Amino acid sequence: MFRFIHSSDLHLGKRFGSFSGDLPGRLREARHGVIGRLAQHARDHGADTILLAGDTFDTETPAPDIRRQALAAMRDHAPIRWVILPGNHDSLQATQLWSTLKAEAPANVVLASEPAAIHLSAGAVLLPAPCTTRRPGRDMSAWMDGAATPEGALRIGLAHGAIRDFSEEGASSDVIAPDRAARAGLDYLALGDWHGPLAVDPRTRYSGAPEPDRFKHQRPGEALLVSIAGRSALPEVTSLATASFDWQMRELHLLDSDDPLQALDALLPESRQRRQTLLRLVVTGRSRLPSRTAMLEAVALAAPDFAFIELDDAGLAMDCEAGDLDLIDRAGALREAAEALLAEAGDDGLSAGEREIARAALARLFSYAQAVAS
């Protein structure tokens, strides 16, 4: 039985520039912490090798502290062996990075920087496909088909890239053949690049990013424990939790008769989970102005409990009656402003962004008016 951990896309040093305050620093530190969590999983499950299938670093020029602290953390977890594959973010085109890594890497860190067999054990051989550039222009895994390995040895592939082309310009030449494992007689093909875990076939998998960096995949960060009993045996694959932050996207659909505050309270994560949660809340349906305003205030009140919270209520239609505007003012400049904002919020001639600004402004005006009245 040969057992190893498959991970990828650590993106060490990612800046997270779209966030503010101390959150970018916390997210960067969480990515560094993945190294220790992967090592602990390896010890717990009797695995002596961790395969990193590309994009260990977020850029081709990671800061010296990012690079050296990562290598030091890996060294501290010896005798666990780390195999680092160049990905599209940290490709071999960054010659300075890889020459520096070669000079600084401790003995238990293997740089899979050449398409050449690496012997992992007496009965297991790794066939890596390092990315030569950000877009190599060819399927770098093709060499595996003819790679010679000792008879009876496990053939494990390691590659980084897409197995399909998402552009509208036709097939790309650097897309990895989805049947590469079958073509090359691989017992397992460990892939990186896709940030969500994905099983292509029983022998080909993306591990996903161990620490998510977006709301897209709706899965917690994880790595894969892979156990292979021998040639021709199907790999046994187990998901291992690795993330310290939880990126969630939750949807809330409201009807006029719904109590938005009650619905929101039922939807939000428990208080003890919120500090490590980034939440994108998508609200759709219909709501009257007072209810919508109360919901906005409730979200604003809860926001400091979370690492980050984002409200998308562009799909929430706002119903407004004369009595609702009376709560702002019955006449005068405020009433005129409220009526103008209401008209803009429902004007299909305006862009979605302009209508959303009008809705938000009307809700803010309503909130101010209620605060003054109380």
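The values are calculated or read from the model by the stated rules, or taken from the named source; none is laboratory data. Worth saying up front: this structure is predicted, and the values here are computed from it rather than measured. Neighbour counts run over all protein chains shown; Cβ positions are idealised from the backbone, glycine included. Surface accessibility is based on the protein's heavy atoms, side chains included, excluding ligands, DNA and RNA. Shrake-Rupley method; radii C 1.70, N 1.55, O 1.52, S 1.80 Å.
For every residue, the table says whether it meets (1) at negative phi; (2) under 33 Å from the mean Cα position of the chain (by Cα).
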residue	(1), (2)
ARG274	yes, yes
VAL282	yes, yes
ASP305	yes, yes
GLY332	no, no
ALA338	yes, no
ALA352	yes, yes
ILE357	yes, yes
SER367	yes, no
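The selection criterion, being touching a strand residue (DSSP E or B) at 6+ places or on another chain (Cβ under 9 Å) and within 30 Å of ARG231 (Cβ to Cβ), holds for PHE4.
Suppose the filter is out of contact with any Lys or Arg (no Cβ under 8 Å at 6 or more places or on another chain) and surrounded by 13 or more Cβ atoms within 10 Å (Cβ to Cβ); does PRO197 pass it?
Details: out of contact with any Lys or Arg (no Cβ under 8 Å at 6 or more places or on another chain): no; surrounded by 13 or more Cβ atoms within 10 Å (Cβ to Cβ): yes.
When the stated conditions are applied, PRO197 does not pass them.
Which one of LEU316, LEU362, LEU334, LEU327 is open to solvent by 50 Å² or more (accessible area, probe 1.4 Å) and in contact (Cβ under 8 Å) with a residue 40 or more places away in the chain?
Numbers: LEU316 fails: open to solvent by 50 Å² or more (accessible area, probe 1.4 Å); LEU362 fails: open to solvent by 50 Å² or more (accessible area, probe 1.4 Å); LEU334 fails: in contact (Cβ under 8 Å) with a residue 40 or more places away in the chain.
The conditions single out LEU327.
This table checks each residue for (1) out of contact with any Leu (no Cβ under 9 Å at 6 or more places or on another chain); (2) of a type in the set (D, E, K, R); (3) at pLDDT 90 or above; (4) over 21 Å from ARG364 (Cβ atoms).
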site: THR238; (1), (2), (3), (4): no, no, yes, yes
site: ALA243; (1), (2), (3), (4): yes, no, yes, yes
site: ASP256; (1), (2), (3), (4): yes, yes, no, yes
site: LEU268; (1), (2), (3), (4): no, no, yes, yes
site: VAL283; (1), (2), (3), (4): no, no, yes, no
site: ARG286; (1), (2), (3), (4): no, yes, no, no
site: SER291; (1), (2), (3), (4): no, no, no, no
site: ALA298; (1), (2), (3), (4): no, no, yes, no
site: PRO304; (1), (2), (3), (4): yes, no, yes, no
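Give the residues of the range 199-224 that are within 12 Å of ILE163 (Cα to Cα) and either at pLDDT below 95 or in contact with a helix residue (DSSP H, G or I) (Cβ under 6 Å, 6 or more places away or on another chain) (or both), sorted by residue number. The answer is THR204, and nothing else. Looking at LEU279, LEU267, just one residue is surrounded by fewer than 16 Cβ atoms within 10 Å (Cβ to Cβ), out of contact with any Gly (no Cβ under 7 Å at 6 or more places or on another chain) and without any contact (Cβ under 8 Å) to a residue 60 or more places away in the chain, and that residue is LEU267. The lone criterion from (1) surrounded by fewer than 18 Cβ atoms within 10 Å (Cβ to Cβ); (2) modelled with pLDDT of 85 or more; (3) in contact with a helix residue (DSSP H, G or I) (Cβ under 9 Å, 6 or more places away or on another chain); (4) among the hydrophobic types (A, V, I, L, M, F, W, C) left unmet by ILE309 is number (1).
The helices (runs of 4 or more DSSP H) located wholly in the range 1-105 include none with 2 or more residues which are modelled with pLDDT under 95 and open to solvent by 70 Å² or more (accessible area, probe 1.4 Å).
Reported count of residues in the range 24-56, each being under 18 Å from ASP246 (Cα atoms) and either in contact with a strand residue (DSSP E or B) (Cβ under 6 Å, 6 or more places away or on another chain) or among the basic types (Lys, Arg) (or both), is 5. The residues of the range 142-168 that are more than 24 Å from ALA229 (Cα to Cα), of a type outside the set (Asp, Glu) and in a loop (DSSP other than H, G, I, E, B), listed by number, are GLY161, ALA162, ILE163, ARG164, PHE166, SER167.
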